[in-house]
């Protein structure tokens, strides 16, 4: 039966992107069938519906399910990531174990040679080689190089040495103040989404070949302005930035995962991210903290994790991070404090947190740390049935309380010998 004009146009819309990204599928009908879409699309290899091994292949599958929801299943293999995979609502992105590797491609960076102004949609750069249409880029200068002062956007066109962007810059950036643009960005972005999951795969940040990415805008897995997001059985390694960051979220869970080798913090919930669950993870050998709980993370659970061999603290918490339960975690051999409560004014201190049945062991491996350091007047801070071990004599004190910190509620804790003592107050 001959195709109708409508059918012909539909096939044209679907086939052209596949040619561009060098993908092929078994049948076009299978890809657009509602029955198939509600179930799954496979990616990677000859037996997959979409055969390619790159972010374009994965994104094509996610976009095909964006209206119905469903599962994108990635077969084993190394997927080259030039720009973040953008997860949508109601999508499960599922690998086939650690052999499914999403690996960042080599980074590119250049100077912009004309000031980049607030709201501007283009960058005039020194050298546009290596940049591609569709890349996510990060724009900074010496005065605007972190968190919400960093602009991110996608390249929509390149003409000579001009990069055109999909959204306006959020600050005025100076070319004469070390102004830089790079493709430093996430491996997976979950932005403005809900009811989505990342399961059973490896995220490889390829750190040695990539530039540093800001943790409020990019991470190995970046979750922003989203809710009901699950990360489970994921190995995030060697990302030049933060392993997993979630900002302005609700009900995010990170479970059964390993986060290591990050150029900053391993896990970073913040900017108002209540109802987080961090459970049964192994977080180690990150340059800064294992877990950095930032601003307004409340009514959350941190349980059954290992935080060890990180470059600063095992766990760090502070600004309005209240009503969090830390249960049965093993915090050991971090270079500074095992657990660190940041300095905050009384109104903003981390009140009503509970630390129960944690093993805090041999922290301060660079000679300047404590088992538990209290730097703010946190009220109703409960430490119950914790064990403070110090076989390597690296923890100077089990619990050290700086001015203006106040003594926590202590119940049935066990203390091994510490040079300065069990509970020590800073001398005036």
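Please work out the FRET efficiency for the pair residue 114 and residue 359, using the Cβ-Cβ distance as r and a Förster radius of 56 Å; give the result to the nearest 0.05. If you can, show how the numbers build up before the last one.
Numbers: r = 55 Å, r/R0 = 0.99.
Efficiency at R0 = 56 Å is approximately 0.50.
R0 = 25 Å: FRET efficiency of residue 299 with residue 78, Cβ-based, nearest 0.05? If you can, show how the numbers build up before the last one.
Working: r = 39 Å, r/R0 = 1.57.
Computed FRET efficiency for residue 299 and residue 78: 0.05.
For residue 166 and residue 325, what is the calculated FRET efficiency with R₀ set at 41 Å and r taken between the beta-carbons, to the nearest 0.05? Each step should come with its number before you reach the end.
Details: r = 41 Å, r/R0 = 1.01.
The calculated FRET efficiency here is 0.50.
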**Asked** Taking Cα atoms, how many degrees apart are the long axis of helix 5-20 and the longest axis of the chain, rounded to 10 and kept between 0 and 90?
**Response** 60 degrees
**Message:** Given points 7 Å out from each Cα along the Cα-Cβ axis, report the residue 347 to residue 277 separation in nanometres with one decimal.
**Reply:** 3.5 nm
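Please work out how much length the chain gains when fully extended from residue 407 to residue 380, using 0.36 nm per residue of separation minus the C-alpha to C-alpha distance, in nm with one decimal.
Numbers: separation 27, 0.36 × 27 = 9.72 nm, distance 0.95 nm.
8.8 nm is the gain from fully extending residue 407 to residue 380.
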**Fill in**
Applying the gyration tensor rule to the Cα atoms of segment 290-355 (axes a ≥ b ≥ c; rounded if a/c under 1.5, else prolate if a/b exceeds b/c, else oblate), the class is oblate
**Asked** Calculated from DSSP H runs of 4 or more alone, at -39500 (n - 2.57) each and per residue, what is the 222 nm mean residue ellipticity of the chain, nearest 500?
**Response** -2500 deg cm²/dmol
**Message:** Just want the ordering: 370, 402, from fewest to most Cβ atoms lying within 10 Å of their own Cβ.
**Reply:** 402, 370
**Request:** Using label points projected 7 Å from each Cα along Cα→Cβ, tell me how many nm separate residue 391 and residue 194, to one decimal.
**Result:** 4.9 nm
**Prompt:** Quick one: helix 55-64 against the long Cα principal axis of the chain, what's the angle to the nearest 10°, folded into 0 to 90?
**Reply:** 80 degrees
**Request:** Give me the distance in nm between label points sitting 7 Å out from Cα along the Cα-to-Cβ direction at residue 39 and residue 149, one decimal.
**Result:** 5.3 nm
**Asked** Just the projected area, averaged over all directions, of the convex hull on the alpha carbon atoms of the chain: how many nm²?
**Response** 22.8 nm²
**Rg over Rh, two decimals, segment 188-425 (C-alpha only, Kirkwood Rh)** = 0.96
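Bear in mind these aren't lab numbers, they're just calculated from the coordinates by the rules spelled out. This structure is a prediction, so every number in the text was calculated from the model and none was measured. As a convention, Cβ positions derive from the backbone with ideal geometry for all residues, glycine included, and neighbour counts pool all protein chains shown.
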